[in-house]
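Working notes, beginning with the structure itself.
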Amino acid sequence: MKLSTRKFSLSVSGDCTPEGTTLSAEVYLGRIERLMELAENHGFSKLIVYGDREHFSNMEYLTGYDPRFEEALLVLAGGTPTIIVGNEGADYCQCIPFPVNALVYTGFSLNGQPRGSVSLSDILCQAGIRSNDRIGVIGWKLFSPMDGFDLERTLDIPSFIRDAIEQVAPSKNLFNKTDLLVSNEYGLRHNLEAEELVLFEQCNTAVSRKVLTAIRGLRPGDSEWAASKRFLLDGSPTCTHPCVSFGEKNASMGLASPQADSILARGDIVSIGMGLRRANVHRTFPYVSDGAELTGRYGEDAGEFLAAYFEALCAWYESLRIGTPGSEVYEAVAKVLHPLKSYGVKLNPGHQIHTDEWTNSMSYPGSTVSLRSGMALQCDIIASRPGSPLLGAHIEDGVFLADEALRARFAEIAPAASERVRKRREFMREVIGISLHDDVLPLSDLQGVGFPFGADMDTIFVRG
Ligand SMILES: [Fe+2]
């Protein structure tokens, strides 16, 4: 396969005017209602949702409250929901835009802070949990048969919280129901609303522009740390650690934070990207100026490796449409990068995203998971050529699947965002050569844009 490129200078920059900021009470209450209907269908009328700083998304999806540095529980037991928080959450939970019973369990607070004498089990009783209830507990992890645990009974919450629940209801009444929110088949967080799509588009636009600015600013002699300042981070919460890695060792770690003593040199492999909640954009490329420098540094097969990677990326995008089984998305990539192992692909080619960066993945061999309207997906294919020097490729951006009704609602409430999506689709089709189905809404200003020569930002991959 031959490397195919063209000269093209992207002309995006700056911020866009937000058409949405926060979700309304109606959106959250609608989610709670749908969750309780789904829970009823699974035989549960009471749910306890766990959250902490890292595992905040399920609780935030239902309330807008994301635990900062304390644990928190949301109890849905009929009637007004109850949120149980620590000392500092007591004020912060005012961000919930609908009526809740806010109760403080001081044991969720940081070490050494003032403590009260009310037990968590008493608070759970107050929230409506009873001894004979069949209780669905929502943490964040879906256990697999390969993990060696009872899939239904194993809870992924701190043991002190489980102990408190068991002081109210016996262990035999507790079930892991995280699936209600993140199951590939019916998880509610894979069926998002137009209002959420507006936030997705804004966030992806912002992140893609930040990453482009950072890539454009790269110069030999930069440290990773100095280069990371060009992300121009604002106060928005991130969903991944910002990453800038230069050279074989640091880039191969994948997740490392920028180092002040790692300096960019011509020919280095560069891994660079960042995410805010609802968006993650990443690029890995060789920092060379042209094809001759590429093959001089990485060998004669370097162009072929990058060409195959880009063709697989195009095949991934073109496989997407509502109703397609996840196996077809997987196979679209696996057919081009065959076998996947020889291209260093270790993870699923693509996954779902929400406010946390990876909720689940529908893309695996034999997957019967149907792509659904309201699903947010990451084109996330990480490849590397075995051997040295390390040659890697990673072009990650997000899309949103939307049927005609969802697209119409999106255009109605966010016309500027809808127009950006239209222009991106046109760009992908006419400049890059990727035919996106109408169901697929490109959210990033860098959607499908790859830089085969990182020191030349005016050359991009195109379909061969
Ligand atoms: Fe990802």
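The values are calculated or read from the model by the stated rules, or taken from the named source; none is laboratory data. Remember, it's a predicted structure, so these values are computed and weren't measured experimentally. Cβ coordinates were reconstructed from backbone atoms using ideal geometry, including for glycine residues, and neighbour counts include every protein chain displayed. Calculation scope for accessible area: heavy atoms of the full protein, side chains included, ligands and nucleic acids excluded. Shrake-Rupley method; radii C 1.70, N 1.55, O 1.52, S 1.80 Å.
For region 352-426, report the accessible area per residue in Å² (1.4 Å probe, heavy atoms, rounded to an integer).
34
Counting Lys +1, Arg +1, Asp -1, Glu -1, what net charge surrounds Glu26 among other residues with beta carbon under 13 Å of its beta carbon?
Net of charged neighbours comes to -2.
Beta carbons within 10 angstrom, averaged per residue: use that to sort the peptides 436-444, 254-262, 331-339, highest first.
So the peptides 436-444, 254-262, 331-339, ranked by packing, come out 436-444, 331-339, 254-262.
Hey, with R₀ at 25 Å, roughly what FRET efficiency would Ser289 and Val431 work out to, going by the Cβ-Cβ distance, to 0.05?
After rounding to 0.05, the efficiency reads 0.70.
Under unit Cβ charges (Lys, Arg +1; Asp, Glu -1), what dipole magnitude, rounded to 20 debye, does region 304-407 have relative to its Cα centre?
It works out to roughly 260 debye.
On the protein heavy atoms, probe 1.4 angstrom, tell me the percent of accessible surface of the chain carried by carbon and sulfur.
It is 51 percent, rounded to a whole number.
Take the Cβ-Cβ distance between Arg153 and Val118 as r, set R0 to 30 Å, and report the resulting FRET efficiency rounded to the nearest 0.05.
Using R0 = 30 Å, I get an efficiency of 0.55.
Calculate, for Val12 and Asp456, the FRET efficiency according to 1/(1 + (r/R0)^6) with r their C-beta to C-beta distance and R0 22 Å; round to the nearest 0.05.
Details: r = 18 Å, r/R0 = 0.81.
Efficiency for this residue pair is about 0.75.
Relative to the longest principal axis of the chain, what angle (0 to 90°, nearest 10) does the C-alpha long axis of helix 302-319 take?
In the chain, helix 302-319 runs at an angle near 50 degrees to the longest axis.
Cα axis of helix 326-336 to longest principal axis of the chain: angle in degrees, 0 to 90, nearest 10?
For helix 326-336, the angle is close to 20 degrees.
Suppose a student asked you for the relative contact order of the chain, using Cα pairs under 8 Å spaced at least 6 residues apart; what percent would you report? The partial results should precede the final answer.
On the way: 973 pairs, mean separation 72.5, N = 464.
Reported relative contact order: 16 percent.
With label points built 7 Å along Cα→Cβ from the Cα atoms of Arg216 and Ser144, find their separation and express it in nm.
Inter-label distance under the simple model: 4.0 nm.
Compute the distance in nm between two label points, each set 7 Å from the Cα along the Cα-to-Cβ direction, one at Glu304 and one at Ser257.
It works out to 4.2 nm between the two label points.
Where the only charges are on Cβ atoms (+1 Lys, Arg; -1 Asp, Glu), what is the dipole of the chain about its Cα centre, to the nearest 20 debye?
On the way: 44 positive and 59 negative charges, 115 e Å.
For the chain, the charge dipole is close to 560 debye.
By per-residue mean of other Cβ atoms within 10 Å, what is the highest-first order of 80-86, 395-401, 54-60, 34-40?
Ranking the peptides 80-86, 395-401, 54-60, 34-40 by packing returns 395-401, 80-86, 54-60, 34-40.
Size of the dipole of region 357-464 about the Cα centre, Lys and Arg at +1 and Asp and Glu at -1 on the beta carbon, nothing else charged, in debye to 20?
Charge dipole of region 357-464: 140 debye, to the nearest 20.
Strictly over 19 Å apart at the Cα level, which of Lys141/Lys177; Lys229/Lys249; Lys46/Lys177 would you flag in this model?
Result: Lys229/Lys249 exceed 19 Å.
Between Lys172 and Leu29, 0.36 nm times their residue separation minus their Cα-Cα distance comes to what?
Length difference between fully extended and current span is 48.5 nm.
What residue among Ser228, Val182, Gln202 has its Cα farthest toward the positive end of the dipole of region 171-245, where the charges are +1 on Lys, Arg and -1 on Asp, Glu, each on the Cβ?
Ser228
Using a 1.4 angstrom probe on the protein heavy atoms only, line up Trp358, Trp225, Trp316 by accessible area, largest first.
Of Trp358, Trp225, Trp316, the descending order of accessible area is Trp225, Trp358, Trp316.
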